[in-house]
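Take a look at the structure set out below.
Every read-out reported here was derived from the displayed coordinates using simple, explicitly stated rules and does not represent laboratory data. Note that the structure is a prediction, hence the values are computed from the model and not measured. We place every Cβ from the backbone using ideal geometry, glycine too, and count neighbours over all the protein chains shown.
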Amino acid sequence: MQWQRYCEVIGRVDLVNDERYRTVTGRIVNRDALTTELGHAMAMRPTRAWIEELEACAVPCGPINNYRQVFEDPQVRYRGMRIDLPRGNGGTVGTIASPLRLKQTPPEYRRAPPLLGEHTSEILSEVLGKSSEDIARLRRSGVVGR
């Protein structure tokens with residue numbers, strides 16, 4: 001029923017009767033074509049308008065946010081879900097905090113996600129046992145960047 005209500009709301013009742021999309025399996029198998037069709041319809045109105053209309057018809061939905069939108073969300077701000085961690089290059093990176101709020105054992109944030117290639121030499125030497133000459137050769141041949 002949700003599929004039918006969704007198609008009605010977006011003005012694509014034709015998709016309900018399309019043999020390719022009649023069943024859940026059909027919608028999965030034909031996902032690429034269906035996604036294209038739905039994308040065209042959904043692009044016609046702003047997200048907020050769709051959410052209001054779909055919620056009014058009991059069709060579960062929600063926005064797909066980019067990182068900026070996520071971190072601007074009032075609930076995300078209130079819960080302190082963004083944490084800025086220092087990077088080795090002197091900058092900082094915003095990342096997602098743990099949603100768990102444990103009084104006696106709060107999560108620790110030891111380091112930021114690494115920059116591309118930041119620990120390559122350490123991994124190659126300490127974990128894989130490569131010599132500095134091996135690493136230099138791998139870099140020259142383009143097998144390993146930076």
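Can you tell me how much longer the chain between I64 and V143 gets when fully stretched, taken as 0.36 nm per residue apart minus their C-alpha distance, in nm with one decimal? Present the calculation step by step, with values, prior to reporting the outcome.
Numbers: separation 79, 0.36 × 79 = 28.44 nm, distance 3.66 nm.
Full extension of this stretch gives 24.8 nm more.
Nearest 500 deg cm²/dmol is fine: what mean residue ellipticity at 222 nm does the chain get from its DSSP H runs of n ≥ 4 alone, each adding -39,500 (n - 2.57), divided by its residue count? Show your work: numbers first, answer last.
Numbers: 8 runs with 61 residues, N = 146.
When only DSSP H runs of four or more count, the value is -11000 deg cm²/dmol.
What's the local net charge at G26, with K and R +1, D and E -1, over the other residues with C-beta under 12 Å away? Working shown, then result.
Details: positive: R20, R22, R27, R31; negative: D18, E19.
Result for the local shell: +2.
For the chain, take N as its residue count and report Rg(C-alpha) divided by 2.2 N^0.38 Å.
For the chain, the normalised Cα radius of gyration is 1.65.
Taking the convex hull of the alpha carbon atoms in the stretch 65-113, what volume per residue do you get, in Å³? Provide the component values of the computation, followed by the final result.
Details: hull volume 4.3 nm³, N = 49.
Expressed per residue, the convex hull around the Cα atoms of the stretch 65-113 is 88 Å³.
For labels at L100 and E72 in the simple 7 Å Cα→Cβ model, what's the distance in nm?
Result for the modelled spin labels: 3.2 nm.
For N30, what residues show an amide H to amide H distance below 5 Å, using hydrogens built from the backbone and excluding near sequence neighbours?
none
Give me a comma-separated list of calculated 3J(HN,Hα) values for the stretch 11-20, in order, Karplus coefficients 6.51, -1.76, 1.60 applied at θ = phi - 60°, integers in Hz, x for any Gly or Pro.
x, 10, 4, 4, 5, 4, 8, 6, 3, 5
Using the Karplus equation 6.51 cos²θ - 1.76 cosθ + 1.60 (θ = phi - 60°), what ³J(HN,Hα) coupling, rounded to whole Hz, does each residue of the stretch 94-104 give in order, writing x for Gly and Pro?
So the J values, rounded to whole Hz, are x, 9, 8, 7, 5, x, 6, 10, 9, 5, 8.
Expressed in nm², what is the orientationally averaged projection area of the convex hull enclosing the Cα positions of the stretch 64-146?
On the way: hull surface 34.0 nm².
Result: a mean projected hull area of 8.5 nm².
Around Q2, under 13 Å between beta carbons, what's the net of Lys plus Arg minus Asp minus Glu among the other residues? Spell out each step's value before the answer.
Numbers: positive: R5, R27; negative: E8, E55.
Here the count lands on 0.
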